[in-house]
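For reference, the structure is listed below as C-alpha cells.
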C-alpha cells in the first residue's frame, strides 16, 4: 500500500510540474564590436513579454567569430517562447536608449521580428522550442 501511495504521489508531482529539460542554441549575428556581452532573454507568453523572462543567458562578445556568436539556453520549458537579444556594449546589464526611447545598442528578436513604432508583439517572435535546435537572430 505504501508503494502504491508513493507511486501515486510521484505521478501527481510529475503531472503538475512543467517540463524544463529542453536545451537549444541561439546564433546571434550582426555583431560589430567585441566589447560587452550578448544577452538573451526567454519569455513564455504575451502577458510577460519583455517584462519578466523565464530564463536567459549571455556570452562575452569577444567570443564572436565573423560577427557571430552562439548562446546556449538550457532547461527551457516545452512549448512556445519568444527571445529578446541585445548586445550590451558598455556592460551595464541593460539595453540603453536615447531620450526618445530608441535603443542605442544593437538588438533583435526571435523570428527576426521587426519593430514598428516599438517592439514586436510576442506572437511575431514566438516559436516552438525543440531540443537541440539552433535559432538565428540578426541584430539591428
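Bear in mind that the values in this text are calculations on the coordinates, not laboratory data. Only a predicted model underlies this, so the values are computations on that prediction, with no experimental measurement involved. Positions of Cβ are generated from backbone atoms using ideal geometry, with glycine treated the same way; all protein chains shown enter the neighbour counts.
Every residue, every condition in (1) touching a residue at least 40 places away in the same chain (Cβ under 8 Å); (2) within 12 Å of the chain's Cα centre (by Cα), yes or no:
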site: 43; (1), (2): yes, yes
site: 56; (1), (2): no, yes
site: 61; (1), (2): no, no
site: 74; (1), (2): yes, yes
site: 81; (1), (2): yes, yes
site: 87; (1), (2): yes, no
query: If you check residue 51 against the conditions, is it without any contact (Cβ under 8 Å) to a residue 12 or more places away in the chain, surrounded by fewer than 14 Cβ atoms within 10 Å (Cβ to Cβ) and under 24 Å from residue 118 (Cβ atoms)?
result: yes
Scanning segment 94-140 residue by residue, those in a loop (DSSP other than H, G, I, E, B), touching a strand residue (DSSP E or B) at 6+ places or on another chain (Cβ under 8 Å) and on the phi > 0 side of the Ramachandran plot turn out to be 132
Going through segment 115-129 in order, the residues found to be surrounded by 12 or more Cβ atoms within 10 Å (Cβ to Cβ) and closer than 18 Å to residue 27 by Cα are 125, 126, 127, 129
